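Let me begin by presenting the structure, written as structure tokens, before commenting on it.
The values are calculated or read from the model by the stated rules, or taken from the named source; none is laboratory data. Just so you know, these numbers come straight off a predicted model, no measurement behind them. Here Cβ is always computed from backbone atoms with ideal geometry, including for glycine, and neighbour counts include all displayed protein chains. Surface accessibility is based on the protein's heavy atoms, side chains included, excluding ligands, DNA and RNA. Shrake-Rupley method; radii C 1.70, N 1.55, O 1.52, S 1.80 Å.
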Amino acid sequence: MGLFSRFSFSRDMGIDLGTANTLVYVSGKGIVLQEPSVVAINKVNQEVLAVGLEAKRMLGRTPDNVIAIRPLRDGVIADFDTAEAMLKHFIKRVHDNRNPLVRPRMVIGIPSGVTGVERRAVEEAAKEAGASEVYLIDEPVAAAIGAGLPVSEPTGNMIIDIGGGTTEVAVLSLQGTVLSESVRVAGDELSDSIMLYMKKVHNLVVGERTAEDIKIQLGSAYPTDAEEPIMEVRGLHLLSGLPRTVTIKAPEIRESMSEPLSIIVEAVKRTLERIPPELAADIIDRGIMLAGGGALLKGLDTLISHETGIVTHVADNAESCVALGTGRVLENFKDKDMERVFKSHTRYE
Ligand code: ADP
Ligand code: MG
């Protein structure tokens, strides 16, 4: 190894390009960026005005000529150009650019159900952002590695990754996906149900961010023994057209989310029914692991556990499991075993 290459080693990156949040892991450093996957754009000249948290604050608050877009919103990549602009922006922000000749390798988690076109769009965006090589990895596999499941062993592990736009249910063994099921119902739909409920029952119009706040602060999937809290919510009263404050209770919010919650539970049950018998035994022993921001909904583990009869745990750092998983893969590139986790690998000259 020459002197030059010894001093110009690149910082490889692991990226979780999520429908709600994007996280970037840099080798040797850990997670260095965690921002909402939102871009604010000037409608007149298509100029990018803000990316990430700053853009999320603009959601629902923009003047006519500005729009805040979630380019991955409904499932996978809904808006290619904006998704690419966002990824480039985030990578540029964390890329240590002292030597522009050194381009990082990138490991990127993508939902297991993406199409070839969507996959190439991600590769293209990473290449445009300066990647020398792009490795794509199934998100459930990354989430399981990040959650600390022993995915290299010949035992079955079940992971459910509940994000903003998609819920992915997967059974893994020997670093591969044995079965998976993806539904485009996750955290966003829970918030949407709350928004609809507030309008129908309380005649109160609330925005997407307020609905999300209600879900996080008051929302639950299963009743607890503890006293059920209440919350004051501000919005626009449908009948008078004026701002108003309404007090809501935890049980009614739980009830309002029952439909999307049952879609998630049904996806889990369908996957369980398809498991090969030997792996089913492993999952009964080991339980189900929940990851993703949606896993943080209070009582969701209890609900899934009651509905399936299988012990269910929420991963530590549920929101960052995918990014931590891509990071673990990066740090162990030399390990031959790791090669099997990749879905595809492209090298750019
Ligand atoms: P993605 O992988 O699609 O980017 P994330 O894994 O970042 O999604 O999860 C985002 C979702 O998790 C959002 O719908 C958000 O509202 C939800 N979420 C985050 N924290 C909580 C919480 N404490 N309770 C309920 N939902 C939560
Ligand atoms: Mg995710």
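Looking at segment 104-122, which of its residues are farther than 25 Å from Asn332 by Cα, of a type in the set (Val, Ile, Thr) and within 16 Å of ligand 2 (Cβ to nearest atom)? Matches in segment 104-122: Val114 only. Among the residues of segment 174-184, the one identified as closer than 30 Å to Ile214 by Cα and either surrounded by 23 or more Cβ atoms within 10 Å (Cβ to Cβ) or hydroxyl-bearing (Ser, Thr, Tyr) (or both) is Ser182.
Of all residues in segment 204-221, which are at pLDDT below 95 and within 16 Å of ligand 2 (Cβ to nearest atom)? First the steps, then the outcome.
Initial filter on segment 204-221 (at pLDDT below 95): 207-209.
Within segment 204-221, no residue meets the criteria.
Suppose the filter is within 28 Å of Glu189 (Cα to Cα) and open to solvent by less than 50 Å² (accessible area, probe 1.4 Å); does Ala78 pass it? Answer is no for this residue. The set of residues from segment 319-334 being open to solvent by less than 70 Å² (accessible area, probe 1.4 Å) and more than 22 Å from Asn21 (Cα to Cα) comprises Asn332, Phe333.
So for segment 278-285 (the condition being under 21 Å from the mean Cα position of the chain (by Cα), assigned by TED's automatic domain parsing to the domain that holds Leu218 and hydrophobic (A, V, I, L, M, F, W, C)), does at least one residue qualify? No, because not a single residue in segment 278-285 is under 21 Å from the mean Cα position of the chain (by Cα), assigned by TED's automatic domain parsing to the domain that holds Leu218 and hydrophobic (A, V, I, L, M, F, W, C).
Please state which one of Val114, Val201 is modelled with pLDDT under 90 and touching a helix residue (DSSP H, G or I) at 6+ places or on another chain (Cβ under 9 Å). Before the answer, list the steps.
Working: Val201 fails: modelled with pLDDT under 90.
That would be Val114, the only listed residue that is modelled with pLDDT under 90 and touching a helix residue (DSSP H, G or I) at 6+ places or on another chain (Cβ under 9 Å).
Of all residues in segment 123-139, those satisfying the criterion of being in a strand (DSSP E or B), open to solvent by less than 20 Å² (accessible area, probe 1.4 Å) and within 16 Å of ligand 2 (Cβ to nearest atom) are Leu136, Ile137.
In the condition set (1) under 20 Å from the mean Cα position of the chain (by Cα); (2) open to solvent by less than 60 Å² (accessible area, probe 1.4 Å); (3) aliphatic (A, V, I, L, M), Met338 is compliant with all but (1).
Taking the residues in segment 189-201 that are open to solvent by less than 20 Å² (accessible area, probe 1.4 Å) and in contact (Cβ under 8 Å) with a residue 40 or more places away in the chain as candidates, determine which candidate is farthest from ligand 2 (Cβ to nearest atom). That would be Met198. Can you say whether Ala142 is more than 22 Å from Ser305 (Cα to Cα), at pLDDT below 95, small (Gly, Ala, Ser) and not in a loop (DSSP other than H, G, I, E, B), as far as the supplied structure shows? So Ala142 fails the test. Checking each residue of segment 158-167 against the condition of being touching a helix residue (DSSP H, G or I) at 6+ places or on another chain (Cβ under 8 Å), away from ligand 1 (no atom under 16 Å from the Cβ) and either of a type outside the set (S, T, N, Q) or in a helix (DSSP H, G or I) (or both) gives at least one match.
Taking the stated definitions as given, is Thr177 away from ligand 1 (no atom under 16 Å from the Cβ), on the phi < 0 side of the Ramachandran plot and outside any strand (DSSP E or B)? Full working, then the answer.
Working: away from ligand 1 (no atom under 16 Å from the Cβ): yes; on the phi < 0 side of the Ramachandran plot: yes; outside any strand (DSSP E or B): no.
So Thr177 does not fit the description; no.
Looking across segment 34-64 at every residue that is free of Cβ contacts under 8 Å to residues at least 40 places away in the same chain and at positive phi, the one that is farthest from the chain's Cα centre (by Cα) is identified as Gln46. Among residues of segment 20-32 being surrounded by fewer than 19 Cβ atoms within 10 Å (Cβ to Cβ) and either within 18 Å of Pro71 (Cα to Cα) or of a type in the set (Gly, Ala, Ser) (or both), the one that is nearest to the chain's Cα centre (by Cα) is Gly30. Checked against (1) within 12 Å of ligand 1 (Cβ to nearest atom); (2) open to solvent by less than 10 Å² (accessible area, probe 1.4 Å), Ala144 passes all but a single condition, namely (1).
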